[in-house]
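Student: Following this message is one structure expressed as structure tokens.
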Amino acid sequence: MKSPAIPKPKILVVDDEPDNLDLLYRTFYREYRVLRAESGPAALEILEQEGDVAVIISDQRMPMMSGTEFLSLTATRYPDIIRIILTGYTDVEDLVEAINAGKVFKYVTKPWDAEELKLLVRQAWDTHNVLKVRTEELTRSLRRESLLNTVTNTIRNAQYGRLGTSPLKQILQIIVNTVGHMLEIDVCILRPFQEGRLAKQWFIYQKSRGVDLPGTSLANSSPIWGETIWETEDIEIINDVALDDRFLGELPDQQSRRLTYQQADIRSSLIVPLISQQSLIAVMALHQCREPYQWEDDEIQLVVMVADQAALALSQARAFEQLRALATQQALVNTITTAIRSSLDPQEIFTAITQQLGEAIDVDACALSLWRDEDEFVQCVGLYEKMDVEKTPPEYSLHSLSQSLVPIAGNPVLQQLLITTQPVAIDDLEVKPQLNGFDLPLRTPARALLIVPLLADGKVIGSITLRQLHQPRIWQETEVNLAQAVASQASIAVQQSRLYQKTRQQAERLMELDRQKTEFFQNISHEFRTPLT
């Protein structure tokens with residue numbers, strides 16, 4: 001098998017005399033690909049068409065455009081080309097002008113020695129290669145610096161909260177947009193890793209569409225892209241999917257991955273983990289489509305450096321959002337506490353609890369129910385539903401709420417609450433149909449549920465149910481913690497309400513006894529007075 005032929009380097013010879021052009025061609029055609037032009041304008045057209053010319057040999061005295069004028073134009077447009085000028089005159093002014101304006105490498109007088117000119121062109125070719133390598137290194141350095149500066153600025157914005165209400169999502173989108181654009185990648189995906197698994201939401205940049213997609217797996221991006229990235233703590237380099245062992249086996253994972261890559265038309269990938277404090281926090285995938293791609297070491301190093309900075313940005317943004325969630329939780333708890341203290345009406349308190357919690361977590365509905373282990377049914381005492389302008393507002397009276405009953409016996413969710421006294425989070429009821437029996441008989445069945453118990457003396461006295469109607473939802477730890485904090489305040493409200501009701505009933509009984517006592521003594525007094533009269 002023959003090795004592929006190495007292409008000859010290109011040189012351009014420019015002279016208005018055809019004999020000189022033929023002589024130069026015969027001198028260099030064995031080692032170089034010689035391009036010929038009889039004037040400066042013709043040579044500029046050849047440079048524009050050919051490109052990647054290493055050396056120019058130009059005559060000085062030519063009609064229309066002198067060699068100095070021609071070389072000065074090439075020095076501006078093609079700075080990496082090495083320029084040699086030929087002349088039959090030794091005018092000092094021409095020499096100075098050629099060196100200063102045309103950036104000439106050597107000045108050769110006619111007639112020239114063929115061997116000396118060959119040696120000179122070889123030196124020029126070596127110089128061109130050195131300049132080309134240095135230019136490429138400088139370009140990579142500038143690209144690396146620009147990329148790292150962008151990610152660093154993202155970190156700073158996250159520290160000071162300059163990116164709006166959700167810095168975490170904006171940071172992730174900025175990272176994929178920057179990496180995809182700067183490295184000219186077909187597709188760049190970043191998928192967070194949290195709570196021991198890859199999140200169902202990812203962030204994507206696609207070069208082919210010419211736009212930066214917001215990157216949510218449930219809306220604007222095709223779900224197939226999320227399957228092209230997997231959990232890993234090692235850098236995985238895939239130069240050609242068709243030749244990689246990770247896609248050639250018959251194991252279920254290999255078959256599934258191979259089918260996914262075929263559907264997405266991915267030929268090469270670079271999978272890079274984002275690790276902070278020795279913990280995996282996200283995975284980034286760079287995909288090249290249609291044709292195989294050989295990942296260079298400098299590209300891999302650059303992506304790893306960016307991944308380190310991105311991991312720092314992501315960890316800081318998560319810390320910022322955790323602090324903000326704690327502040328939101330405390331503010332909500334304070335609001336509910338104020339509502340409990342300012343009213344003795346249980347219905348007002350329960351309505352305030354469900355509305356405040358439902359709006360804070362942004363769910364479709366929130367219900368508060370009272371029940372115990374010995375009860376037969378769950379009784380709904382407070383309900384919040386998000387208003388939908390396209391639908392009729394809900395019409396629930398106090399009476400209809402009290403009749404919204406759910407049986408307790410045999411219900412797996414309620415039984416789990418009783419046994420564990422811990423929240424139950426159901427991301428998708430379509431995946432777990434066996435748990436689909438627990439829900440209030442409202443207008444629309446739920447798709448995702450979060451049920452948090454109300455506890456008193458370690459026993460369940462009720463629950464708060466958060467409902468997502470139309471889409472699955474991964475309940476975040478911060479949301480569960482917030483619901484538990486509100487449930488604690490709701491338990492206090494329930495106990496206070498029951499104590500208030502009990503106290504009021506006792507007061508009413510005492511008043512009734514006092515009335516009966518007064519009436520009894522009035523009757524006795526009347527009976528005593530009548531005989532005496």
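The values are calculated or read from the model by the stated rules, or taken from the named source; none is laboratory data. The shown structure was predicted, so the numbers you read here are calculated from the model rather than taken from an experiment. With ideal geometry, Cβ positions are generated from the backbone for all residues, glycine too; neighbour counts draw on all protein chains shown. When the accessible area is computed, the model is the full protein with side chains, heavy atoms only, and any ligands, DNA or RNA have been set aside. Shrake-Rupley method; radii C 1.70, N 1.55, O 1.52, S 1.80 Å.
Student: If you scan segment 10-19, which residues turn out to be buried (at least 19 other Cβ atoms within 10 Å of the Cβ) and either closer than 15 Å to Thr87 by Cα or at pLDDT below 90 (or both)?
Tutor: Scanning segment 10-19 gives Val13, Val14, Asp15.
Student: Tell me, yes or no, whether segment 208-226 has at least one residue that is open to solvent by 30 Å² or more (accessible area, probe 1.4 Å) and modelled with pLDDT of 85 or more.
Tutor: no
Student: Assess whether Ala307 counts as being in contact (Cβ under 8 Å) with a residue 12 or more places away in the chain, part of a helix (DSSP H, G or I) and open to solvent by less than 70 Å² (accessible area, probe 1.4 Å).
Tutor: yes
Student: If a residue must be assigned to a loop (DSSP other than H, G, I, E, B) and open to solvent by less than 50 Å² (accessible area, probe 1.4 Å), how many such residues does segment 227-236 contain?
Tutor: Residues meeting the conditions: 3.
Student: Determine whether segment 340-363 contains at least one residue that is open to solvent by less than 40 Å² (accessible area, probe 1.4 Å), at pLDDT below 75, within 24 Å of Asp457 (Cβ to Cβ) and not in a loop (DSSP other than H, G, I, E, B).
Tutor: yes
Student: Output yes when any residue across segment 97-105 is on the phi > 0 side of the Ramachandran plot, open to solvent by 60 Å² or more (accessible area, probe 1.4 Å) and modelled with pLDDT under 80, and no when none is.
Tutor: yes
Student: Something else now. Give all pairs with beta carbons closer than 9 Å in which a residue from segment 121-145 that is surrounded by 12 or more Cβ atoms within 10 Å (Cβ to Cβ) meets a residue that is of a type in the set (Ser, Thr, Tyr); count only pairs at least 6 apart in sequence or on separate chains.
Tutor: Correct list of pairs: Val121/Thr27; Val121/Tyr32; Trp125/Tyr32.
Student: Considering segment 61-87 alone, what residues qualify as being of a type outside the set (Lys, Arg), farther than 17 Å from Thr127 by Cβ, free of Cβ contacts under 8 Å to residues at least 40 places away in the same chain and open to solvent by 10 Å² or more (accessible area, probe 1.4 Å)?
Tutor: Met64, Met65, Ser66, Glu69, Ser72, Leu73, Thr76
Student: Turning to a different aspect of this structure: So which residues in segment 40-60 are touching a helix residue (DSSP H, G or I) at 6+ places or on another chain (Cβ under 9 Å) and either surrounded by fewer than 17 Cβ atoms within 10 Å (Cβ to Cβ) or in contact (Cβ under 8 Å) with a residue 40 or more places away in the chain (or both), if there are any at all?
Tutor: The answer is Pro41, Glu48, Val53, Ala54, Val55, Ile56, Ile57, Ser58, Asp59.
Student: Are any residues in segment 70-87 over 42 Å from the mean Cα position of the chain (by Cα) and acidic (Asp, Glu), and if so, which ones?
Tutor: Scanning segment 70-87 gives no hits.
Student: Would you be able to tell me the number of residues in segment 237-289 that are under 20 Å from Glu184 (Cα atoms) and either touching a Pro at 6+ places or on another chain (Cβ under 9 Å) or open to solvent by 60 Å² or more (accessible area, probe 1.4 Å) (or both)?
Tutor: 9
Student: Is there a residue in segment 284-304 that is in a strand (DSSP E or B), under 16 Å from the mean Cα position of the chain (by Cα), more than 18 Å from Ile204 (Cβ to Cβ) and at pLDDT 90 or above?
Tutor: Within segment 284-304 (the criterion being in a strand (DSSP E or B), under 16 Å from the mean Cα position of the chain (by Cα), more than 18 Å from Ile204 (Cβ to Cβ) and at pLDDT 90 or above), the answer is no, since none of the residues qualifies.
Student: Pick from segment 146-187 the residues that are open to solvent by 30 Å² or more (accessible area, probe 1.4 Å) and farther than 29 Å from Leu323 by Cα: which of them is modelled with the highest pLDDT?
Tutor: Glu184
Student: Would you pick out the residues in segment 67-96 that are in a loop (DSSP other than H, G, I, E, B), at pLDDT 80 or above and charged (D, E, K, R)?
Tutor: Correct list: Asp80 only.
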